[in-house]
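Okay, structure first, notes after.
The values are calculated or read from the model by the stated rules, or taken from the named source; none is laboratory data. Predicted, not measured: the structure shown is a model, and the values here were computed from it. Quick reminder, even Gly has a Cβ in these numbers, built from the backbone with ideal geometry, and neighbours come from all protein chains shown. SASA here: full protein model, heavy atoms, side chains in, ligands and nucleic acids out. Shrake-Rupley method; radii C 1.70, N 1.55, O 1.52, S 1.80 Å.
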Amino acid sequence: MTNSFLVSSVKAREILDSRGNPTVEVELTLQSGAIGTALVPSGASTGAHEAVELRDQDKNRFHGKGVRLATNYVNSEISEQIIGLDSRDQVALDRLLMDIDGSPNKSRLGANAILGVSLANAWAVANHKRIPLYQYLNPQVDYLMPVPMCNVLNGGAHAENSTDFQEFMIVPTGAGSFTEGIRWVAEIYQILKTTLTERKLTTTVGDEGGFAPQLPSNEAAMELLMESIEKSGKKPGDDVCIALDPAATEFFIADSEEYLLSRENRRLTGTDLIDLWSKWCDTYPIVSIEDGLAEDDWNSWVNLTSRLGRNVQLVGDDLFVTDKNRLKTGIELGAANSILIKPNQIGTLSETLEAVQLAQENNFSTIISHRSGETEDVTISHLAVATKSGQIKTGAPARGERTAKYNELIRIEDRLGSAATYPGANSFRSSRK
Ligand code: PGA
Ligand code: ZN
């Protein structure tokens, strides 16, 4: 019996990501001839609890970063076992991939191999049905567009010699649509560039397309953002807010349990750092702080959440790693009130969607996110719409791998017309609504 939805072949190859490092691309074909393609991203400030990205460690190729082991696993073991499977049963496919891998953290076949197959499968079904991926994942009449959180100043592990804190983002909460929000952000980005040039703050761009100037302090970045928002004619707090991802695990010293701000030559305890966030929230229109504390500093997370959690979105990225078990701990303890969703942290589409569901059932907001190492893949744009997350984080409004995601959302919003709603400030807890 022929069934056009059966997987007929799967093929992986090694391609390049936006940092020029190798990554996995998977093409999965159904009996109908429909093809799904997925390109896997890669982090730099990865959490210790993430699923394992398999790298060859062969120093003769790509400085050890090759992914031929992962692509070979797709083309051999995985291919042998999934050909003939019904692609519409995503959960069964993902479970099978985990069973073939057999390890608790996808370390044998690699989360990069597994995620590529998982996402390519979903795309193949959507392509066969000739509908957008978001519609296949969640058939609805009306859809919620995400508010973009755009990283315009890069520091930490994403830029050399810049701020200790990794990401300073602008969030167009007062825009009337996603498309208008992106325009505001792009305008502010250009103003920021001019301001940096005028001040002779020569700058490179960081991995996510934001500028990476050498600033005297971390707070100087906040002042630059405020000034650029105002110069664009927008009102900070009403039109455009600020979101931060300090990625605090990166500057946490485990031995002394301190946070080291090298830029300012300061060492802070968890409580000091919470005081700093609290002060910044009083001074600036901050709607969201991600990884404001380190990935295993649960006690401080609970304190931060009880202090700021009513009005500020407190996002666990390295803290939760898109893992529903770590998220459960956070829900039980009252640590954070939001989760960053990165499919490659957990390794399959089904587990990604399970984490979203658990968060939403428990009144945690969800933010669909890129990685610092990206590709032209636009799956996360569709995931943001399908999950009604109301928020997406995918870098500066510049560089092809970042604009690919924003441009796909512009297309989706245009095609949806009046069936698309832009939530603006309603996506956030802030009292500034
Ligand atoms: P990463 O950074 O992709 O390098 O982990 C992104 C983030 O921390 O959100
Ligand atoms: Zn982060």
Pseudo-spin-label distance Arg399 to Thr194, built 7 Å along Cα→Cβ, given in nm, is 2.4 nm
The local net charge around Ala398, scoring Lys/Arg +1 and Asp/Glu -1 for residues other than Ala398 whose Cβ lies under 13 Å from its Cβ, equals -1
So, relative contact order of the chain in percent, Cα under 8 Å, 6 or more apart, is 20 percent
Treating only Lys and Arg (+1) and Asp and Glu (-1) as charged, each at its beta carbon, one finds that the range 252-292 has a dipole about its Cα centre, in Debye to the nearest 20, of 180 debye
In nm, the gap between the two label points placed 7 Å beyond Cα toward Cβ at Glu332 and Gln214 is 4.8 nm
In whole angstrom, the spacing between the Cα centers of the range 246-263 and the range 83-130 equals 37 Å
Result for the chain: accessible area per residue, probe 1.4 angstrom, in square angstrom, of 38 Å²
Site Ala419, offset 7 angstrom along Cα→Cβ, radius 12 Å on amide nitrogen, limited to the range 362-385, gives none
For the Asn363, Ser4 Cβ pair and Förster radius 56 Å, calculated FRET efficiency rounded to 0.05 is 0.85
Of Tyr73, Tyr189, ordered by accessible area with the largest first and a 1.4 Å probe, the sequence is Tyr73, Tyr189
Measuring from its Cα centre, the range 7-130 shows a charge dipole (+1 at each Lys and Arg Cβ, -1 at each Asp and Glu Cβ) which, in debye to the nearest 20, is 280 debye
For Asp238, the accessible surface traced by a 1.4 Å probe with all protein chains present amounts, in square angstrom to the nearest 10, to 90 Å²
Per the charge dipole of the range 7-130 (beta-carbon charges, Lys/Arg positive, Asp/Glu negative, Cα centre), the residue among Ser45, Thr71, Ser32 reaching farthest to the positive end is Ser45
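Around Ile368, under 10 Å between beta carbons, what's the net of Lys plus Arg minus Asp minus Glu among the other residues?
+3
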A chain fully extended from Leu85 to Asn325 at 0.36 nm per residue, minus the present Cα-Cα distance, gains in nm 83.6 nm
In the structure shown, of Lys11/Lys393; Lys129/Lys234; Lys11/Lys328; Lys65/Lys231; Lys279/Lys393; Lys11/Lys342, the pairs separated by more than 32 angstrom at the C-alpha atoms are Lys129/Lys234; Lys11/Lys328; Lys65/Lys231
Total charge of the residues flanking Gly174 in space, meaning their Cβ is under 9 Å from its Cβ, with Lys and Arg +1 and Asp and Glu -1, is 0
1/(1 + (r/R0)^6) with r = Cβ-Cβ of Asp142 and Thr202, R0 = 45 Å, i.e. FRET efficiency to nearest 0.05, evaluates to 0.45
In the range 306-422 the accessible area split gives carbon plus sulfur, as whole percent at 1.4 Å, a share of 43 percent
With every protein chain in place, the accessible area of Tyr134 for a 1.4 Å probe, in Å² rounded to the nearest 10, comes to 10 Å²
Rounded to a whole %, the carbon-and-sulfur portion of the accessible area of the range 19-106 at a 1.4 Å probe is 47 percent
Charge dipole of the chain built from unit charges on the beta carbon (Lys, Arg +1; Asp, Glu -1), centred at mean Cα; most positive-end Cα among Ala186, Asn337, Ser9 is Ala186
For Arg13, Arg267, the accessible-area ranking with a 1.4 Å probe, largest leading, is Arg267, Arg13
Per residue, the convex hull enclosing the Cα atoms of the chain spans a volume in Å³ of 133 Å³
Under a 1.4 Å probe, counting only protein heavy atoms, Arg411 has an accessible area in Å², nearest 10, of 100 Å²
Per the 1/(1 + (r/R0)^6) rule, R0 = 51 Å and r from the Cβ atoms of Glu264 and Ile35, FRET efficiency to 0.05 is 0.50
For Leu314, the residues 5 or more places away or on another chain with a placed amide H closer than 5 Å to its own amide H are Ile289, Asn337, Ser338
Connecting every pair of Cα atoms under 10 Å apart in the chain and solving the GNM, the largest mean-square fluctuation among Asn362, Asn105, Asn121 falls on Asn362
Expected vector for the range 345-361, Karplus 3J(HN,Hα) from phi with 6.51, -1.76, 1.60 and θ = phi - 60°, integer Hz, x for Gly and Pro, equals 6, 10, x, 9, 5, 4, 5, 4, 5, 5, 5, 4, 5, 4, 4, 5, 5
The size of the Cβ-based charge dipole (Lys, Arg +1; Asp, Glu -1) of the chain about the Cα centre, to the nearest 20 debye, is 920 debye
